[in-house]
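The values are calculated or read from the model by the stated rules, or taken from the named source; none is laboratory data. Computed from a predicted model, the values in this text were never measured in an experiment. Positions of Cβ are backbone-derived with ideal geometry, glycine not excepted, and every protein chain shown enters the neighbour counts.
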Amino acid sequence: MIQTQFNHELLSLKDKLYYYALSLTSDSDWANDLLQETMLKALANRNKFRPNSNFKAWIYTIMRNTFINDYRKNVKARKMFCDSDDDIHLAFSNDKVYPAPDALYSTREIHRNINALKDAYRIPFTMFIEGYKYKEISEKLDLPLGTIKSRIFFSRKMLEKSLQEYSNS
């Protein structure tokens with residue numbers, strides 16, 4: 001694929017990539033950043049694209065992997081601890097905004113609802129939000145990949161239903 005074809009294909013997927021990024025991030029600013037980073041990575045790694053393969057799948061994979069890597073990096077950055085006497089306190093960086101009290105309540109409510117799920121749904125869902133890939137979860141739990149995907153999907157639906165009052169506010 002010559003460079004002009006590559007650029008044309010990439011630009012033709014921009015809107016669809018944005019909506020995919022939005023579905024991953026649920027935040028328009030973060031989705032725009034993810035879209036930009038994905039397009040930059042695609043352009044920088046143009047020589048790694050194999051001709052006669054699925055260009056759209058290649059780009060979507062770049063975006064998904066970029067999102068996962070950024071998410072894992074952000075999770076690690078939030079897990080900074082410092083020891084003081086016998087207590088361990090979470091060390092918030094100076095540029096972070098402390099969570100509002102109602103956000104803490106919502107977080108506790110979300111965790112309570114996740115923990116209320118049956119093990120068959122809670123365990124794969126928890127592993128997924130911790131950053132495990134579907135295949136890794138499938139291997140660790142010794143279950144078919146399709147079963148893992150459907151359990152995570154249904155976990156989301158159950159949580160969405162049980163937390164409906166928060167999505168309306």
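The table for this structure:
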| quantity | calculated |
| --- | --- |
| Residue that is modelled with the lowest pLDDT [pool: residues in segment 130-148 that are surrounded by 14 or more Cβ atoms within 10 Å (Cβ to Cβ) and within 26 Å of Asn74 (Cβ to Cβ)] | Tyr132 |
| Tabulated pairs, segment 39-56, first in the same structural domain as Phe67 (by TED's automatic domain parsing), second of a type in the set (Asp, Glu) and surrounded by 12 or more Cβ atoms within 10 Å (Cβ to Cβ), C-beta under 7 angstrom, 6+ apart or interchain | Phe55/Glu9 |
| Exclusive hit being at pLDDT 90 or above, out of contact with any Ser or Thr (no Cβ under 8 Å at 6 or more places or on another chain) and assigned by TED's automatic domain parsing to the domain that holds Lys157, set Lys16, Lys118 | Lys118 |
| Those residues of segment 27-53 which are surrounded by 11 or more Cβ atoms within 10 Å (Cβ to Cβ) and in a loop (DSSP other than H, G, I, E, B), in sequence order | Asp27, Asn45, Phe49 |
| Residues satisfying the stated conditions in segment 144-164, i.e. of a type outside the set (Asp, Glu) and without any contact (Cβ under 8 Å) to a residue 12 or more places away in the chain | Pro144, Leu145, Gly146, Thr147, Ser150, Phe153, Lys157, Lys161, Gln164 |
| Breaking point among (1) under 17 Å from the mean Cα position of the chain (by Cα); (2) modelled with pLDDT under 90; (3) of a type in the set (A, V, I, L, M, F, W, C), for Leu163 | (1) |
